[in-house]
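Okay, so here's the structure we're looking at.
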Amino acid sequence: MSPPNPIKRVRRTKEELKDVYINPEEMENEIQKFYDSGSDVISDRLAEMIQMIAVRLGLAKNFYLYSFKTEMQGDAIVKMMTALRRKRFKCGAGFNPFSYFTKVAYHAFQNCIKKSKKDFDTLKRYQEEVYEDHICSGYIPSKKNVKMYSDKSSNESE
């Protein structure tokens, strides 16, 4: 029996990818409108673009297996909104706003992972210390004493 033929990867055309990517010119125009308005209220289209960047970055192979992916996406949205409100992106300078905000979201994801790892390590270290204290004090029987405790309980029941 011959091995099955590998499935050939099919590339999508530009027309198929059109709805996937954000148009950088349109995004820059929306950002410029926001900067010119002088208010803290952003347009629905710009908010949709920011959310789309965070959600789609969460689907990347680097991040999709994390259980706290929604928290990462929320942090990324907050960071991108902060960058918008502080007018960090320079319109008309020739830079791509999509790549700038994707990079902001990427760094927000990485910071969230670092924070969660630090919290997990702290919790693990604390649990090990507490468990060790309980074992040494005799609150929790160690594996050596398990048989002794089970013998006592069976003798008492007789």
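With 29 Å as the limit on Cα-Cα distance, the pairs of K79/K117; K79/K118; K33/K115; K87/K114; K61/K114 that go past it are K33/K115. Taking a Cβ cut-off of under 11 Å around F34, the surrounding Lys, Arg, Asp and Glu residues balance to a net charge of 0, with basic ones at +1 and acidic ones at -1.
Candidates S99, S43, C112 compared by Cα position along the dipole of region 15-117: farthest toward the positive end lies C112, with charges placed on Cβ.
Semi-axis lengths, largest first, of the ellipsoid equivalent to region 15-117 are 24, 16, 11 Å, with √(5λ) applied to each eigenvalue of the Cα gyration tensor. Computed about its Cα centre, the charge dipole of region 15-117 is approximately 760 debye, with only Lys, Arg, Asp and Glu carrying charge at their Cβ. Sites listed here are chymotrypsin sites (Phe, Trp or Tyr not before Pro) in region 86-123 whose DSSP assignment is loop and whose Cβ has at most 14 other Cβ atoms within 10 Å: F95.
Loop-located trypsin sites (Lys or Arg not before Pro) in region 74-131 (DSSP state not H, G, I, E or B) with no more than 14 neighbouring Cβ atoms inside 10 Å: R86, K87, R88, K90.
Simple spin-label estimate for I135 and N96 gives 5.3 nm between the two label positions (7 Å along the Cα-to-Cβ direction from each Cα).
Each of V41, V130, V104 was scored by other Cβ atoms within 10 Å of its Cβ. Listed from fewest to most, they are V41, V130, V104.
Close amide H partners of F63, meaning residues 5 or more places away or on another chain with modelled amide H under 5 Å apart, do not exist here.
Distance from the Cα centroid of region 21-60 to that of region 75-129 is 17 Å (rounded to whole angstrom).
Read the figures in this text as sums done on the coordinates, not as results from a lab. Just so it is clear, the model here is predicted, and its values are computed rather than measured. Here the Cβ is made from the backbone with ideal geometry for all residues, glycine too, and neighbour counts use every protein chain on show.
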